[in-house]
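Read through the structure below, which is laid out as structure tokens, and then see the notes.
The values are calculated or read from the model by the stated rules, or taken from the named source; none is laboratory data. A quick note: this is a predicted structure, and the numbers were derived from the prediction, not measured. No Cβ is skipped: glycine too gets one built from the backbone with ideal geometry, and neighbour counts run over all protein chains shown. Side chains are part of the model used for accessible areas, which takes the heavy atoms of the whole protein and leaves out ligands, DNA and RNA. Shrake-Rupley method; radii C 1.70, N 1.55, O 1.52, S 1.80 Å.
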Amino acid sequence: MSTFSAEAKLSKLSSIVSKVPSLSSDERKELAELASVEEVDLFIEGKLPKAAVKKLRSLAVSTDSLDVAALSLLLVIFVAERDAHSDPPKTNTSFNIAALLPSVLPSSGSLAIPFAQEHLLNVDSSDSTCWYLYTSIFAVGYPSQCISSLETLRDSLDGEGLARCCHLLAILTQEGESARKASPTYVASVFDKLAPVFESRLKGLGYDVPNRVAALVQDRISIASGPCIIDLGCGTGLVGGLLLPLVRDKSLAFSCLTADYRDKLIKVKHLRNSIDELLEADPDGKDEDFVSARRENEELVDRLLGETKAMKDKIASTEMLEMFDFDNSPRGSLLGVDLSKEMVKIATAKNCYTSVTLSDCDDFLKAQDDSSADVIVSADTYIYMGDIEMSLKESARVLKHGGYLVFSVELVPDDQSYALLQSGRYGQSKAYVKRLAEKFS
């Protein structure tokens, strides 16, 4: 068996990888020899557990060892090739290769573009990871190739795929309508996909914006008259759940608590499924990462089961009403609105809103009566609107005299009004926000 330096392995791999998934048997053998893998057939036959593939992908982009990176990438290529030729083909096939190439082989960024383009045109035009890949390739030195490929896609796609393509082109070129404001189709498609994992991901980031927004409202609002609160871009209801006590609706409060109980039981089910997958991938408990992940999930299951038992006892008693400190004050209303139908489903199921409307936020505000709301909140909604002038104008019209608009933004320098950032979100400057506030106050 031939031996190669790490650099030579990577060079040889980059010269062959553009041919995947149509490799000849001789090329398969050559690749196997490059990585010194004797169990190649095991991977090609589909006997590599899903969890192990994920671990290899992570290893390929994080290791400092070129040998290990090349080997890890090679194994994922074999799995991708196998999936591409399965019947029916699996959706994330040759794209597994493209997603890794810019990180492992920066010089091969241009090789990844045809994989990404083919995947978006013929497999899944809504694949978020594939769209983000273009940003990675652009960053490692292939701007003209990325823009040319995206322009080809723009002329060939429609609907969600077209919206994502135009948004990404705006990020890279800072031109077009999407440089001013994200299209409703783009925002809806992003959050429809994120909805099932949205809250769990934010918890891992230590996300605190809903708590800070709710605290600002709670410190300022009078609940004596039964306030009307509008939650722009309500998402899954993170802010709504915190503001519910202010509208003093007993039936909503009870429904919200029981929905939370059901939600925790669903999480327990998902965690147990994850534990089963980890056991299948590492039945002998020899992989420390798998063992650690399994123990962490088991601890979460125990904690959630303890919480649900306490909640079940509370639901059966009158304590849950007392914690909201209800009296005979008039009921208020809590109105949610969001562009994502999947987010709206989750927010509605929590029963913490008087109503949840599927709509663009500006369109929703335009439909409200003058001086009809006490508070309007917007927790990380303006990061998907660069130009927020219309939103602030309509909010000022809808708010009662002395009402509050409470919102969050990502800051950009004061020499800009707003900007579309590389993250795909928008930022606004303090000077811009202050100017609009003075204009509409």
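Looking only at residues in segment 352-365 that are free of Cβ contacts under 8 Å to residues at least 40 places away in the same chain and within 19 Å of residue 386 (Cα to Cα), the one that is most open to solvent (accessible area, probe 1.4 Å) is 363.
Residue 436: over 24 Å from residue 243 (Cα atoms), modelled with pLDDT of 95 or more, among the aliphatic types (A, V, I, L, M) and surrounded by 14 or more Cβ atoms within 10 Å (Cβ to Cβ), yes or no? Quick ask: steps written out before the conclusion?
Numbers: over 24 Å from residue 243 (Cα atoms): yes; modelled with pLDDT of 95 or more: yes; among the aliphatic types (A, V, I, L, M): yes; surrounded by 14 or more Cβ atoms within 10 Å (Cβ to Cβ): yes.
Spelling it out, residue 436 is indeed over 24 Å from residue 243 (Cα atoms), modelled with pLDDT of 95 or more, among the aliphatic types (A, V, I, L, M) and surrounded by 14 or more Cβ atoms within 10 Å (Cβ to Cβ).
Scanning segment 192-199 turns up one or more residues that are touching a residue at least 60 places away in the same chain (Cβ under 8 Å), surrounded by fewer than 15 Cβ atoms within 10 Å (Cβ to Cβ) and part of a helix (DSSP H, G or I). Give segment 333-371 a look and list any residue that's assigned to a loop (DSSP other than H, G, I, E, B) and either in contact with a strand residue (DSSP E or B) (Cβ under 6 Å, 6 or more places away or on another chain) or at pLDDT 95 or above (or both), or say none. Selection gives 339, 340, 353, 354, 359, 360, 367, 368, 369, 370, 371. The sole residue among 257, 252, 246, 271 that is at pLDDT below 85, in a helix (DSSP H, G or I) and under 22 Å from residue 358 (Cα atoms) is 252.
Determine, yes or no, whether residue 216 is within 22 Å of residue 365 (Cα to Cα) and under 20 Å from the mean Cα position of the chain (by Cα). Reasoning before the result, please.
Details: within 22 Å of residue 365 (Cα to Cα): yes; under 20 Å from the mean Cα position of the chain (by Cα): no.
No, not satisfied.
Suppose we filter segment 372-404 for residues that are hydroxyl-bearing (Ser, Thr, Tyr) and open to solvent by 70 Å² or more (accessible area, probe 1.4 Å); how many remain? Let's see the steps before the verdict.
Of all residues in segment 372-404, those hydroxyl-bearing (Ser, Thr, Tyr) come to 372, 378, 381-382, 384, 391, 395, 404.
Applying the additional criterion that residues be open to solvent by 70 Å² or more (accessible area, probe 1.4 Å) yields 404.
Summing the residues that are hydroxyl-bearing (Ser, Thr, Tyr) and open to solvent by 70 Å² or more (accessible area, probe 1.4 Å) in segment 372-404 gives 1.
Taking residue 427 as meeting all but one of (1) open to solvent by less than 10 Å² (accessible area, probe 1.4 Å); (2) outside any helix (DSSP H, G or I); (3) in contact with a Leu (Cβ under 6 Å, 6 or more places away or on another chain); (4) more than 23 Å from residue 189 (Cα to Cα), write down the number of the exception. Of the numbered conditions (1) open to solvent by less than 10 Å² (accessible area, probe 1.4 Å); (2) outside any helix (DSSP H, G or I); (3) in contact with a Leu (Cβ under 6 Å, 6 or more places away or on another chain); (4) more than 23 Å from residue 189 (Cα to Cα), the odd one out for residue 427 is (4). So which residues in segment 177-234 are over 17 Å from residue 341 (Cα atoms) and aromatic (Phe, Trp, Tyr)? The answer is 207, and nothing else. Taking the criterion of being surrounded by 17 or more Cβ atoms within 10 Å (Cβ to Cβ), polar (S, T, N, Q) and without any contact (Cβ under 8 Å) to a residue 60 or more places away in the chain, the residues of segment 170-187 that qualify are 183, 185.
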